[in-house]
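Contents: one structure, followed by commentary.
The values are calculated or read from the model by the stated rules, or taken from the named source; none is laboratory data. Here the structure is a predicted model, which is why all the values come from computation and not from measurement. Positions of Cβ are backbone-derived with ideal geometry, glycine not excepted, and every protein chain shown enters the neighbour counts. For the accessible areas, the whole protein counts, side chains as well, though only heavy atoms, and no ligand, DNA or RNA atoms are used. Shrake-Rupley method; radii C 1.70, N 1.55, O 1.52, S 1.80 Å.
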Amino acid sequence: MLDSLRQGANSWLAKLLMALLVVSFMVWGVRYNQDGGGANTLLQVAGQNITTDTYRRLFNQELSNLEQQTRQRIEPAMAHQFGLDERIISGLLVDGHARVLNLGLSDDALLTLIQSNKAFQAADGKFDPAALRYMLQNRQMSESAYFDTIKRDSIRGQLVGSLSEGAPAPMALVDAVNQFEGEQRAIDYFIVPASKAPVAAKPDEAKLKAYFEAHPEDYRAPEYRAVGVFLASPDDIKDPSKVSDDEAKAIYETNRGQYEKLEKRHVQLMSFQDKAASGKAFSALKSGKDFMAVAKEMGLAEKDVDRGMIAKKDLLDSVVAQAAFKLAKDMVSDPIEGALAIAIVRVTAIQPGSITPLDEVKDKIKDTRARELASKLMVEFRGKIEDDRAGGKQLKELPGKYPFKYIDLPFASATGDGVNGKPVPTKLPNLPALLKAGFAGDVGVETDPIDLGKDGWAWVEVKEVKASRVKDFAEVKVDVEKATLEADTAAALSKFTGELAERANKGEDLAKIAKELGLEVKTAKDLTRNAKNADLSPGAIQLGFAQAKGAAASTLAVDGASRLVMRLTGVTPAKPLDAEKAKAAGKQLSQQLSGALEAQYLGGLQTSLGLTRNEALFRQMVGTAAADGGSDQ
């Protein structure tokens, strides 16, 4: 094929269709059945079985394309999270449709596409085979695999291209959307706190039990697990005594800056671009005028002149910095011809620098160095421990052979809380990772080693499980009584404010009703449907747009406890769009219509051609988080 390309001449400039799948594939919603094919079949798409090896190859290829496009490294986990799997599956569905339609691409058309790619053209605009070879080597792709990809993407473009061009948005729709988004309303309202509601009666035992039985999940205790942790930490094997005084001194000298407190000075600095201005300022200073007063006369702002307490390195101009840090306190320098400008400097305060003596930090240096040396041994220890586990050793038997600890962690929830609701007391590093492993296994099962980074390695085993349960009524009676009172108060407040709104609807003045309660009416003007207001929740604003002008209503306030009594007082239609804005709005709506058509197209393919996924196998490949994103919708 390359030989044919070498013989081709430069032709008309055409787009290289679908170098990546159409971006809109990423937003198509795809639903999956939970059954699959054989043991190694990950997907069944349009009558074809996609094995794990095939899918992995497709994923890596698409990931490589995406990295080439964005020119940055993308972790596979991030690609899963942001929809690369959806993109791949969407493409496979379109491929299936292409097979049904018997679509193809001739060799001549393929040559034209590749030759017209600017990435493969020399400075004179002609096709350069060397550029193609370089790309293939860089991507580690064979020539045939690349040509197959171009054919596939071009055929996908034939099917999807007509949809992605977008259906024209009718002007009536543009006007309707403009009215919907641009209409403004004004609302008068006052906020009624819960304290204004009629006092709710204290609930009796029967009512409390009824509330408890109606809301059992509110009083469910989480699952708790007791786990054992074998922790191989470098802290257990470090030996600071093996770090000599000479080595500690060498480390101290190499990292001297860590122990040094730099001299700082309160610097005031006038900067000028010409000698005449600096000379004028210097003459004024010599006559006895105040430094900051002269700076003001020269048109310099105080924030630019007063640099505050700074170190020498904080002054950008090294020449000025050297001069400033030689001045005595309260002295003013002569004009300094710096690398950037001419400066006059005054120093008003000096904070001497200092350095912590070696003797004060020697023990800490030795401890840190000893831990670094110990950390290098951890991989070796991990290998030996794994060998012993493979030979039948249990975790709790290992402390007798290794200088590491086996730690019993008391019952804890997945979030690290104990049965008393407080965080479990422990000094174990990275407790969330340990608990995650503990909650993933079964009783008596030991985990694989968990990499704790600088804290070493850990192995976890589940010792006992307390299943999640709904707590007994007696355990939560106080909480139930509080919740019942809150619910009764909210109901009483809702009824009360509803009655106030009804009074307003019958013609009473809203301000008069508010005054009876010692409250004040406020007005929110120029509200759109997406407006934000400190007092009005999105729900209250939407209610305002559902009301007729002059109507009153009651709804929850932003705090979720108080309520609003509100009246719609003004409706302002949106201003008509001028030609340019109408055109832009129409284009945006066309793109949205195009996306809807593409979604319908893919949904139709899924129904007619079929799509199933082996959920368990998919989770193994891409992880639970990614799989969850593609579960049945």
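Residue check: is Lys261 open to solvent by 80 Å² or more (accessible area, probe 1.4 Å) and either more than 43 Å from the chain's Cα centre (by Cα) or hydrophobic (A, V, I, L, M, F, W, C) (or both)? Quick ask: steps written out before the conclusion?
Values: open to solvent by 80 Å² or more (accessible area, probe 1.4 Å): yes; either more than 43 Å from the chain's Cα centre (by Cα) or hydrophobic (A, V, I, L, M, F, W, C) (or both): no.
In short, no.
Within region 530-560, track down each residue that is part of a loop (DSSP other than H, G, I, E, B) and surrounded by 14 or more Cβ atoms within 10 Å (Cβ to Cβ). Steps first, please.
Residues of region 530-560 that are part of a loop (DSSP other than H, G, I, E, B), as a first pass: 530-537, 547-551, 557-560.
Ala531, Asn533, Asp535, Leu536, Ser537, Gln547, Ala551, Ala557, Val558, listed by residue number.
Is it the case, given these coordinates, that Ser144 is open to solvent by 80 Å² or more (accessible area, probe 1.4 Å), over 21 Å from Leu93 (Cα atoms) and among the small types (Gly, Ala, Ser)? Steps first, please.
Details: open to solvent by 80 Å² or more (accessible area, probe 1.4 Å): no; over 21 Å from Leu93 (Cα atoms): yes; among the small types (Gly, Ala, Ser): yes.
Here the answer is no, as Ser144 does not meet what is asked.
Among the listed residues Leu92, Leu132, Leu110, Leu103, which satisfies the condition of being in a loop (DSSP other than H, G, I, E, B) and either touching a helix residue (DSSP H, G or I) at 6+ places or on another chain (Cβ under 8 Å) or buried (at least 16 other Cβ atoms within 10 Å of the Cβ) (or both)? Don't jump to the end; show me each part of the working.
Values: Leu92 fails: in a loop (DSSP other than H, G, I, E, B); Leu132 fails: in a loop (DSSP other than H, G, I, E, B); Leu110 fails: in a loop (DSSP other than H, G, I, E, B).
It is Leu103.
Tell me, please, whether a residue that is among the polar types (S, T, N, Q), open to solvent by 50 Å² or more (accessible area, probe 1.4 Å), at pLDDT 90 or above and more than 13 Å from Val229 (Cα to Cα) can be found in region 430-452. Reasoning before the result, please.
From region 430-452, those among the polar types (S, T, N, Q) are 430, 447; that's our starting set.
Still in the running and open to solvent by 50 Å² or more (accessible area, probe 1.4 Å): 430.
Imposing the further condition that a residue be at pLDDT 90 or above reduces the set to 430.
Pick out the ones that are also more than 13 Å from Val229 (Cα to Cα) and you get none.
No, there is no match, as no residue in region 430-452 is among the polar types (S, T, N, Q), open to solvent by 50 Å² or more (accessible area, probe 1.4 Å), at pLDDT 90 or above and more than 13 Å from Val229 (Cα to Cα).
Does Lys463 satisfy being within 30 Å of Pro399 (Cβ to Cβ), open to solvent by 40 Å² or more (accessible area, probe 1.4 Å), out of contact with any Cys (no Cβ under 8 Å at 6 or more places or on another chain) and touching a residue at least 60 places away in the same chain (Cβ under 8 Å)? I'd like the intermediate steps shown before the answer.
On the way: within 30 Å of Pro399 (Cβ to Cβ): yes; open to solvent by 40 Å² or more (accessible area, probe 1.4 Å): yes; out of contact with any Cys (no Cβ under 8 Å at 6 or more places or on another chain): yes; touching a residue at least 60 places away in the same chain (Cβ under 8 Å): yes.
For Lys463, the condition - within 30 Å of Pro399 (Cβ to Cβ), open to solvent by 40 Å² or more (accessible area, probe 1.4 Å), out of contact with any Cys (no Cβ under 8 Å at 6 or more places or on another chain) and touching a residue at least 60 places away in the same chain (Cβ under 8 Å) - is met.
Return the residues of region 312-354 that are surrounded by 16 or more Cβ atoms within 10 Å (Cβ to Cβ), farther than 14 Å from Phe272 by Cα and under 43 Å from the mean Cα position of the chain (by Cα); say none if nothing qualifies.
Lys312, Leu315, Ala321
How many residues, within region 29-67, are assigned to a strand (DSSP E or B), modelled with pLDDT under 70 and either open to solvent by less than 60 Å² (accessible area, probe 1.4 Å) or not polar (S, T, N, Q) (or both)? Talk me through it step by step, then tell me what you get.
Our first condition is that a residue be assigned to a strand (DSSP E or B); within region 29-67, this holds for 33, 41-45, 48-51.
From what is left, the residues that are modelled with pLDDT under 70 are 33.
Filter once more, keeping what is either open to solvent by less than 60 Å² (accessible area, probe 1.4 Å) or not polar (S, T, N, Q) (or both): none.
Number of matching residues: 0.
Could you list, ordered by first residue, the pairs with Cβ atoms under 6 Å in which the first is in region 282-302 and of a type in the set (Gly, Ala, Ser) and the second is not in a loop (DSSP other than H, G, I, E, B), at least 6 apart or interchain?
What qualifies is Ala284/Val294; Ala295/Met270; Ala295/Val305.
Taking Leu84 as meeting all but one of (1) open to solvent by 60 Å² or more (accessible area, probe 1.4 Å); (2) among the hydrophobic types (A, V, I, L, M, F, W, C); (3) touching a helix residue (DSSP H, G or I) at 6+ places or on another chain (Cβ under 8 Å), write down the number of the exception.
The number of the failed condition is (1).
Sort through Ser195, Ser271, Ser283 and tell me the only one that's of a type outside the set (Lys, Arg), modelled with pLDDT under 95 and surrounded by 15 or more Cβ atoms within 10 Å (Cβ to Cβ).
On the way: Ser195 fails: surrounded by 15 or more Cβ atoms within 10 Å (Cβ to Cβ); Ser283 fails: surrounded by 15 or more Cβ atoms within 10 Å (Cβ to Cβ).
Result of the check over Ser195, Ser271, Ser283: Ser271.
Output the residues belonging to region 368-404 that are of a type outside the set (S, T, N, Q), under 14 Å from Lys238 (Cβ atoms) and surrounded by 15 or more Cβ atoms within 10 Å (Cβ to Cβ). Explain how you work it out, then say what you get.
Start the filter on region 368-404 by keeping residues that are of a type outside the set (S, T, N, Q), which leaves 369-374, 376-393, 395-404.
Filter again for under 14 Å from Lys238 (Cβ atoms), leaving 369-374, 376-378, 381, 403-404.
Selection gives Arg369, Ala370, Arg371, Leu373, Ala374, Met378, Phe381, Phe404.
Can you work out which of the residues in region 508-533 that are basic (Lys, Arg) and touching a residue at least 24 places away in the same chain (Cβ under 8 Å) is farthest from Phe190 (Cα to Cα)?
Arg529
Working only within region 291-311, note down all residues that are of a type outside the set (A, V, I, L, M, F, W, C) and either within 41 Å of the chain's Cα centre (by Cα) or open to solvent by 80 Å² or more (accessible area, probe 1.4 Å) (or both).
Let us first name the residues in region 291-311 that are of a type outside the set (A, V, I, L, M, F, W, C), namely 296-297, 299, 302-304, 306-308.
Once the filter is applied, which keeps residues that are of a type outside the set (A, V, I, L, M, F, W, C) and either within 41 Å of the chain's Cα centre (by Cα) or open to solvent by 80 Å² or more (accessible area, probe 1.4 Å) (or both), region 291-311 yields Lys296, Glu297, Glu302, Lys303, Asp304, Asp306, Arg307, Gly308.
Please go through region 540-559 and give me each residue that is under 18 Å from Thr572 (Cβ atoms) and of a type in the set (S, T, N, Q), ordered by number.
Those that are under 18 Å from Thr572 (Cβ atoms) and of a type in the set (S, T, N, Q): Gln542, Gln547.
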